[in-house]
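The values are calculated or read from the model by the stated rules, or taken from the named source; none is laboratory data. What you see is a predicted model, and the numbers here were worked out from it, not measured in a lab. Note that we place each Cβ from the backbone using ideal geometry, even for glycine, and neighbour counts take in every protein chain shown. These accessible areas exclude ligands, DNA and RNA; they are computed on the full protein's heavy atoms, side chains included. Shrake-Rupley method; radii C 1.70, N 1.55, O 1.52, S 1.80 Å.
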Amino acid sequence: MKIGIIGQGYVGLTISAFAGNYFQVIGFDSNKKIVDQLNSGISHIEGVESRAIQKLIKDGRYQATCNGRDISNVDIVVIAVPTPLTTDRKPDLTYIDAACRTIGENIRNPILVINESTSFPGTLRNFIKPAIEKYSNNLVAHMYAISPERVDPGRGDFNQKNTPRLYAGLTPEASTLTQEFYSKFCDNLVEVSSPEVAEAAKLFENTFRQVNIALVNEFAQIAHSLGISVYETLDAANTKPYGFMKFTPSAGVGGHCIPVDPTYLAAVAEEHGAPATFIRRANEVNLEMSKYVVDRVQADNGGSLKGKSVLVVGVAYKPNVADVRETAAELVIEHLRSRGAVVSWHDNVVGLWKGEPSAPLKSADIVVVVTMHDSVNSADVIASAPYVFDTTGKINGVHGF
Ligand SMILES: NC(=O)c1ccc[n+]([C@@H]2O[C@H](COP(=O)([O-])OP(=O)(O)OC[C@H]3O[C@@H](n4cnc5c(N)ncnc54)[C@H](O)[C@@H]3O)[C@@H](O)[C@H]2O)c1
């Protein structure tokens, strides 16, 4: 079987690497630079080894392309393109629409189309299917299914094989084929009764995280105002063996999922006249954390940051990845600069960000730790400035929540 995977980013390339062990994979991406890099055997995604791509290419099981015609004779196509927010924070389905166009204009025999991109309930039925039909001039009757992606880049313990995968087809036949496809490389497949349930479950999983992160971020502020340790309190609560799950405070949330997916759920809820108050408020609390951190740093440093050299340590949105999408570090830096601080950043995993290289970890007046990669040494952070505020709770003996 030949599989076309549209989008060769975190999700699409990860799937390509797994599926390539069982099928012939054509990885379609609109970014020519990524395609050229992949065809020369270089992976740009953490968790996908260049060696794995090189082996698949050598065995004739993988090829990347920018040319839609190269997916014209696939048996299954998987959509794994971005689903961001528009500038007015509404769901942006333009990348999905473009993927539908590639499918509609190039695939003339009926196949199975699976969406892995995260979107609101109804996207498969009311957006993807009609869009592909429109772009193919209603000439082909494809089958449609959803299987939302749960990959957590940089994670070692859970991967495509051992993370249970939800799926649902628009028809029983689509469900069966989807099950057959994923069962080759995923141990635990969970069928749900409709694509809408699978789509909603994905959004709810990430909304659960977003709301609990906001709750602990708010609690960090309460604990500080009460003069008690937020970390000790959380550890104490976590001794309860049931009914509690520990989340830790941070400078905010980042990445493609937690800051974005809940807004997809809120948007569709409000469209249907249902409340999304927790989701909206959680988003605000998480966004406000960067200001809270900078307020605390300013208060600890004589009430002014004007002219102070501040080094922000860790600009990736989470440890051990180079992903800076929606990173809280960006807002922290903006607040620091707006108060007259002279800001640089250190992150050897990211290396280069917004055209600026990572600065050395030394000689600042103030250090604010936003993300702590495993490769960063706490002693080096402590030695780099007389004042350190650690938002991660990983460095002992410095300022923090
Ligand atoms: N990254 C994660 O951890 C994660 C986890 C679960 C779900 N998701 C969801 O999966 C989807 C993809 O996310 P991602 O993190 O892989 O994004 P990404 O930005 O890493 O990759 C997307 C790729 O799609 C390409 N692309 C964009 N438009 C295209 C088009 N029209 N045709 C072909 N290629 C196109 C881009 O060049 C890019 O390489 C999103 O809906 C996201 O919410 C992501």
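Out of Leu166, Leu139, I need the residue that is more than 10 Å from the ligand (Cβ to nearest atom), of a type outside the set (Phe, Trp, Tyr) and part of a loop (DSSP other than H, G, I, E, B). Which one?
Details: Leu166 fails: part of a loop (DSSP other than H, G, I, E, B).
The unique qualifying residue is Leu139.
Looking across the range 60-83, the residues that are of a type in the set (A, V, I, L, M), outside any loop (DSSP other than H, G, I, E, B) and within 12 Å of the ligand (Cβ to nearest atom) come down to Ala64, Ile71, Val77, Val78, Ile79. Filtered by the rule that a residue be exposed (fewer than 11 other Cβ atoms within 10 Å of the Cβ) and part of a helix (DSSP H, G or I), the range 221-235 gives Ser225, Leu226, Glu232.
Of the residues Lys318, Lys354, the single one that is within 16 Å of the ligand (Cβ to nearest atom), open to solvent by 30 Å² or more (accessible area, probe 1.4 Å), among the basic types (Lys, Arg) and within 30 Å of Gly9 (Cβ to Cβ) is Lys318. The lone criterion from (1) in contact with a Pro (Cβ under 9 Å, 6 or more places away or on another chain); (2) open to solvent by less than 40 Å² (accessible area, probe 1.4 Å); (3) within 30 Å of Leu85 (Cα to Cα); (4) not charged (D, E, K, R) left unmet by Val349 is number (2).
For the range 116-160, a tally of residues being under 30 Å from Asn320 (Cα atoms) and over 19 Å from the mean Cα position of the chain (by Cα) returns 0. Quick one: would you say Pro249 is part of a loop (DSSP other than H, G, I, E, B) and modelled with pLDDT under 95? Spelling it out, it is not the case that Pro249 is part of a loop (DSSP other than H, G, I, E, B) and modelled with pLDDT under 95.
Whether any residue in the range 46-58 is closer than 27 Å to Pro148 by Cβ, touching a helix residue (DSSP H, G or I) at 6+ places or on another chain (Cβ under 9 Å), open to solvent by less than 60 Å² (accessible area, probe 1.4 Å) and near the ligand (Cβ under 9 Å from one of its atoms) is what I want to check. Checking the range 46-58: not a single residue is closer than 27 Å to Pro148 by Cβ, touching a helix residue (DSSP H, G or I) at 6+ places or on another chain (Cβ under 9 Å), open to solvent by less than 60 Å² (accessible area, probe 1.4 Å) and near the ligand (Cβ under 9 Å from one of its atoms).
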